[in-house]
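One structure below.
The values are calculated or read from the model by the stated rules, or taken from the named source; none is laboratory data. Please read these numbers as outputs of a predicted model, since none were measured by experiment. No Cβ is skipped: glycine too gets one built from the backbone with ideal geometry, and neighbour counts run over all protein chains shown.
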Amino acid sequence: MDAEFNNSRLVATLGLSTFVLGIALGPFWSPLAEFYGRRPIYLASFLAFMIWLIPSALAQNITTMIVARFFQGLAGSAFLSVSGGTVGDMFTRDDMQAPMAIFTLAPFVGPSTGPLIGGVVNSFLSWRWTHYIVLIESAVLIVTLFFFVPETYRNSSEPSPPPPLSPPKSNLHLDPVLLAKKARRLRAATGDDRYFAPMEKTTRSVLSTVSSSLLRPFQILAFEPMCLILDLYSAILLGLLYLFFGAFPLVFRNNYGFNLWQVGLTFMGLLLAMPLAAASTPFWHRLRDRLADGRRGENGGEPRPEPEDQLPMVILAAPLITGGLFWFGFTTYPWIHWIVPIIGSFVFGIG
């Protein structure tokens, strides 16, 4: 692509930067899911993601690529901002640890898998096939979403029936979007305007809800120092992960003479590390339970979990992250075997 568009490697990297910027600016999807349900947001955002893949595949200049990548990130960010709510819909708080760990893997394992696939594609096909293949995969996924992913957004209330009719048979947690549709059908069928869903009683507009939802994270950052620290910690980790995408081709092509598909294989260290780390989630869950049990009140009171119960995992991970970075940075010399820096990236991935 650099040769075809006659641009530098630095300018080409802007496509990655604008993609991440689009992800950062996409939290507005989450409050929209509270109005329209999670499934419509998934379908709409994924369709937009597919549409913006087309300019990348057909781009005739680097400007088109950089702009298209931004809107891909903006559209694709729905799956980061909304999917956590979907996990919360499907699992109770006690059962959420393992599913949330698997979900959290997505933004880390996905980018580590991409260079592996992209290295093979770009070794044997045109660079445009990188985007064609993502477009094909996206088409398969959106069809899968449409046919197999139901609405999961729940609310504990039923549509309110008029007094003369029989009350609901159960008080199951039902999707408020589906309840609103059901209420509209009942009004149309019976002509009775007393049928309504709780969601229809809200007086807040979509714009005001989205605005307040976008403001709230900045309020939390301003008034909760621990949230600010954790956000900075997460941002640094994700930034370091993306820096590896630029560092690996430089190191392994210049120092070790790897070709494109071989460079893609070097990401296997990161790819294997993070699922292994996520597999330790049950251990940390049991440790947190023991810490909470140790703070039971007198006479067999309830366990008392504290936020600090999450810290043992971070205390172990932080030295692994730092050690992995130093390991990788100080072993990328031609006279040192190529497996050594990959092990360093593996240690970083575990952290």
Here the qualifying pairs (Cβ atoms under 8 Å; residues six or more apart or on different chains; first in region 10-21 and touching a residue at least 12 places away in the same chain (Cβ under 8 Å); second outside any helix (DSSP H, G or I)) come out as 12/1
Limited to region 23-63, what total is found for residues that are among the small types (Gly, Ala, Ser), buried (at least 19 other Cβ atoms within 10 Å of the Cβ) and part of a helix (DSSP H, G or I)?
4
Anything in region 303-351 that is assigned to a loop (DSSP other than H, G, I, E, B), of a type outside the set (Ser, Thr, Tyr) and either in contact (Cβ under 8 Å) with a residue 40 or more places away in the chain or out of contact with any helix residue (DSSP H, G or I) (no Cβ under 9 Å at 6 or more places or on another chain) (or both)? List them, or say none.
334, 335, 336, 337, 338, 351
Could you pull out the residue among 83, 77 that is closer than 25 Å to residue 235 by Cα, at pLDDT below 80 and not aliphatic (A, V, I, L, M)?
83
Given the condition surrounded by 15 or more Cβ atoms within 10 Å (Cβ to Cβ) and part of a helix (DSSP H, G or I), answer yes or no: does some residue in region 212-230 qualify?
yes
Go through region 231-274 and give me each residue that's under 22 Å from residue 102 (Cα atoms) and part of a loop (DSSP other than H, G, I, E, B).
267
Screening 69, 93 for residues that are in a loop (DSSP other than H, G, I, E, B) and basic (Lys, Arg) leaves only 93
For region 58-73, does any single residue satisfy the condition of being under 22 Å from residue 245 (Cα atoms), within 15 Å of the chain's Cα centre (by Cα) and in contact (Cβ under 8 Å) with a residue 40 or more places away in the chain?
yes
